[in-house]
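The values are calculated or read from the model by the stated rules, or taken from the named source; none is laboratory data. Everything numeric here is computed off the predicted structure, so don't read it as measured data. Heads up, the Cβs are rebuilt from the backbone with ideal geometry, glycines too, and the neighbour counts pull from every protein chain shown. Accessible surface is based on the protein model in full, side chains and every heavy atom, while ligands, DNA and RNA are left aside. Shrake-Rupley method; radii C 1.70, N 1.55, O 1.52, S 1.80 Å.
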Amino acid sequence: MADWKTWETGCSACQKCALASTRHQVVLGVGPKDAEVVFVGEAPGENEDLQGEPFIGRGGKLLDEVLQTVGLSRESNIYITNIVKCRPPQNRDPKPQERDACMPWLCEQFSLIKPRIVVCLGRVAACSLINPNYKVTKEHGLFFEKDSTLYMGTFHPAAILRDPRKKGEWVADFQALRKKIEEVCQLIVFE
Ligand code: URA
């Protein structure tokens with residue numbers, strides 16, 4: 001299995017799909033590399049592609065705010081990454097072949113981090129990691145165990161920006177996450 005250095009060098013130079021020709025940079029992820037909880041979004045947007053960090057636009061700010069209400073942050077105790085590590089032009093959904101090409105990078109990233117809990121932000125992440133027929137509106141906030149890792153799906157921050165009426169359910173998912181962390185994680189220190 002690769003070590004972090006090899007993984008970062010390989011992923012940063014990846015040419016496995018056409019997004020390599022339009023990206024400014026590969027957006028690897030942010031947060032402690034031994035985090036017990038990993039959040040996975042869809043793909044970088046324009047700001048992320050320019051600055052090299054996931055979730056730094058308006059949606060990212062909203063995500064940081066809700067994380068803070070349950071004692072979590074990218075600075076201290078969670079890792080954040082995406083299913084696809086390069087920006088799709090015009091922020092379109094990543095194509096199936098782009099997700100497939102990128103999935104080995106995420107699998108190696110999981111092997112290096114060894115998270116106890118993976119939180120999928122939105123349909124693309126939840127359908128890729130939990131179940132291809134996953135329905136966020138029906139199944140958000142539920143935990144599914146696979147290979148000793150717990151997976152939970154919830155709304156993507158962009159969905160909350162589009163429809164703020166979902167915010168109550170979203171916050172409740174983060175509270176359920178905090179409760180689950182208290183049950184199953186060992187090392188996490190809440191802020
Ligand atoms: N949306 C995502 O899914 N990921 C990001 O990093 C930014 C926006």
If one compares the long axis through the Cα atoms of helix 58-69 with the longest principal axis of the Cα atoms of the chain, the angle in degrees, nearest 10, works out at 40 degrees
Result for the chain: accessible area per residue, probe 1.4 angstrom, in square angstrom, of 49 Å²
Rounded to the nearest 10, the angle in degrees between the Cα long axis of helix 167-184 and the longest principal axis of the Cα atoms of the chain comes to 90 degrees
Amide H contacts under 5 Å for Gly153, restricted to residues at least 5 apart in sequence or on another chain and with H modeled in the peptide plane, are Cys120, Gly141, Leu142
Among GluC sites (Glu not before Pro) in segment 17-102, those in a DSSP loop whose Cβ has at most 12 other Cβ atoms within 10 Å are Glu75
Expressed as a whole-number percentage, the relative contact order of segment 1-135 with C-alpha contacts under 8 angstrom and at least six residues apart is 35 percent
Of the listed links Lys85/Lys138; Lys16/Lys167; Lys16/Lys138; Lys146/Lys166; Lys95/Lys138, those spanning more than 30 angstrom between alpha carbons are Lys16/Lys167; Lys16/Lys138
Order by accessible surface, 1.4 Å probe, largest leading, for residues Val27, Val136 comes to Val136, Val27
For the chain, the Cα-Cα pair-distance distribution in 5 Å bins from 0, as whole percents, is 1, 8, 18, 22, 22, 17, 9, 3, 0
On the accessible surface of the chain, probed at 1.4 Å with all protein chains in place, carbon and sulfur together account for a percent value of 50 percent
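Please identify every one of the chymotrypsin sites (Phe, Trp or Tyr not before Pro) in segment 62-171 that sits in a loop by DSSP and has no more than 13 other beta carbons within 10 Å of its own beta carbon.
Taking segment 62-171 and a limit of 13 other Cβ atoms within 10 Å, no loop chymotrypsin sites (Phe, Trp or Tyr not before Pro) are found.
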Residues other than Leu150 with Cβ under 11 Å of its Cβ, Lys/Arg counted +1 and Asp/Glu -1, net out at -1
Which of Pro44, Pro132, Pro94 fluctuates most in a GNM of the chain (C-alpha springs under 10 Å)? That residue is Pro132
Note to self, the chain gives a 222 nm [θ] from helices alone (DSSP H runs n ≥ 4, -39500 (n - 2.57) apiece, / all residues, nearest 500) of -12500 deg cm²/dmol
Measuring from the longest principal axis of the C-alpha atoms of the chain, the long axis of helix 96-113 (C-alpha) lies at a number of degrees, nearest 10, equal to 60 degrees
For segment 107-191 the trypsin sites (Lys or Arg not before Pro) that pass both the DSSP coil test and the at-most-14 other-Cβ-within-10 Å test are Lys135
Summing +1 per Lys or Arg and -1 per Asp or Glu among the other residues with Cβ less than 13 Å from Leu50's Cβ gives -2
